[in-house]
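Report on the structure given below.
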Ligand SMILES: C[S@@+](CC[C@H](N)C(=O)[O-])C[C@H]1O[C@@H](n2cnc3c(N)ncnc32)[C@H](O)[C@@H]1O
């Protein structure tokens with residue numbers, strides 16, 4: 001426990017504030033405000049840490065202010081935040097259509113209530129409650145205008161879906177965690193969790209939702225919005241991805257040799273002449289594979305290669321005549337192909353979504369390198385000998401019992417040196433990070449517990465899981481991109 005006095009806390013807050021303001025001035029950004037929200041240099045996932053110096057200072061300030069606030073709060077109120085939160089009015093504001101009907105220029109309560117055919121006093125009370133959380137601002141009696149938060153609510157359907165998902169599915173399920181544990185104390189079954197008790201069904205959530213199209217659709221929309229949050233951008237994975245089949249993230253010398261010489265790339269008998277194959281297991285609609293391929297194309301272009309596809313190999317004559325020059329050239333990157341696997345119905349949706357989208361230059365280059373394949377990851381992996389098997393936000397959906405089954409079903413496909421890349425949350429260890437950073441991961445751990453009897457994992461949990469699946473998975477290379485909510489763990493199959 002931190003023994004700082006109030007005066008010391010305030011002094012550190014003042015110092016961090018001064019540093020932050022200086023940093024914003026240096027980059028020419030305005031200060032944050034309720035009206036406009038955060039300036040560009042601060043727009044990152046607060047709890048994942050900052051990708052800029054200003055964002056890191058903002059995170060430090062939030063932590064210091066949170067501690068000051070908590071130390072000044074009555075313990076009884078620390079224990080009952082659910083009794084005081086913006087969702088008390090926010091959910092109704094979303095469900096009743098107030099959020100999207102609120103005009104950009106602001107409105108009187110009377111006009112808004114008439115437009116929505118709602119009782120005026122109810123609309124007034126909902127907005128007034130929300131305004132105490134800086135969502136709307138009462139600029140004069142009975143007239144409200146937007147803040148940055150309410151504008152986001154008005155303009156962004158994904159934000160509204162996320163609020164509904166939280167209030168209608170997540171929170172009610174967490175309130176049944178204790179009942180689930182009492183009823184099934186040692187179960188690892190997905191159907192024995194809070195969500196099932198709340199919804200009085202013995203079907204695991206995703207199977208049950210298949211029979212509830214409206215709720216399934218809300219779930220899918222909210223999750224895909226959440227996945228686009230800055231801390232979940234696929235670019236973090238793309239940048240940390242082991243692009244060379246035998247490289248490690250931490251060993252540039254090996255990485256260099258693994259790229260292969262130009263001769264390797266052009267020798268059909270060399271392993272470097274085959275496309276680098278990524279199997280994106282539980283890859284949904286293929287959005288992560290698309291991002292990986294687009295990143296790889298940029299890498300190849302930056303290195304002056306022809307997208308890494310048709311590698312322009314010299315003729316024997318050119319080769320003989322230009323041996324010195326040729327050897328001095330930069331190594332080539334292998335071309336990349338992705339195989340996106342998911343449940344059959346998701347794969348059909350992925351194919352029809354891809355066909356419905358208008359072709360762009362980027363999609364014309366990326367899409368031929370993506371193949372969709374229906375595959376249940378509890379059954380033996382059909383794609384043998386790929387370079388990378390990617391599990392992004394997949395294993396956290398499953399208890400250890402089922403995560404082990406997924407990993408063991410993969411083993412027959414693995415060749416020595418193959419990578420299994422996990423892009424998932426790593427719950428920080430004790431005192432490893434500030435508690436606000438840990439809190440976010442632990443909040444999600446509670447949701448996973450309530451949903452599928454699943455879990456978020458610490459690094460020890462991840463290594464123990466892979467070790468229990470098979471000792472040949474080895475020790476992971478761990479990459480924690482700054483600003484990302486997810487880590488990249490790279491296990492190399494030692495075969
Ligand atoms: C949380 S989503 C992650 C999607 C994607 N990897 C991403 O990072 O956005 C989990 C995915 O696992 C898929 N899934 C669930 N059970 C599966 C199974 N038995 N076999 C294959 N895919 C499955 C779901 O359909 C869903 O697309």
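Here are a few things to note about the model shown:
- Degrees between helix 53-71 axis and first principal axis of the chain (Cα, 0 to 90, nearest 10): 40 degrees
- Inter-centroid distance (Cα atoms) of the stretch 139-210 relative to the stretch 337-386, Å: 30 Å
- Debye intensity ratio I(q)/I(0), log10, the stretch 330-369, q values 0.32, 0.33 Å⁻¹ (C-alpha model): -1.11, -1.12
- Intensity falloff of the stretch 29-123 expressed as log10 I(q)/I(0), Debye formula with alpha-carbon point scatterers, at q = 0.14, 0.20, 0.24 Å⁻¹: -0.84, -1.02, -1.11
- Using the Cα coordinates of the stretch 84-149, the gyration tensor eigenvalues translate into equivalent-ellipsoid semi-axes of 15, 14, 11 Å, sorted from longest to shortest.
- Nearest 10 degrees, 0 to 90: helix 120-131 Cα axis against the chain principal axis: 60 degrees
- Legend: Rg and Dmax of the chain, from Cα coordinates, 25.8, 87 Å.
- For the stretch 172-211, the alpha-carbon radius of gyration amounts to 1.06 times the rule-of-thumb value 2.2 N^0.38 Å expected for a compact globular protein.
- Counting every pair of alpha carbons in the stretch 356-495, the share spaced more than 28 Å apart comes to 26 percent.
- Cα-based helix-to-principal-axis angle, 435-452 vs the chain, degrees rounded to 10: 80 degrees
- Sorted largest first, extent of the stretch 69-111 alpha carbons per principal axis (Å): 41, 20, 16
- Projected-area mean, the stretch 1-45, by convex hull of Cα positions, square nanometres: 4.4 nm²
Bear in mind that the values in this text are calculations on the coordinates, not laboratory data. In this text the structure is predicted, and so the values were computed from the model without any measurement.
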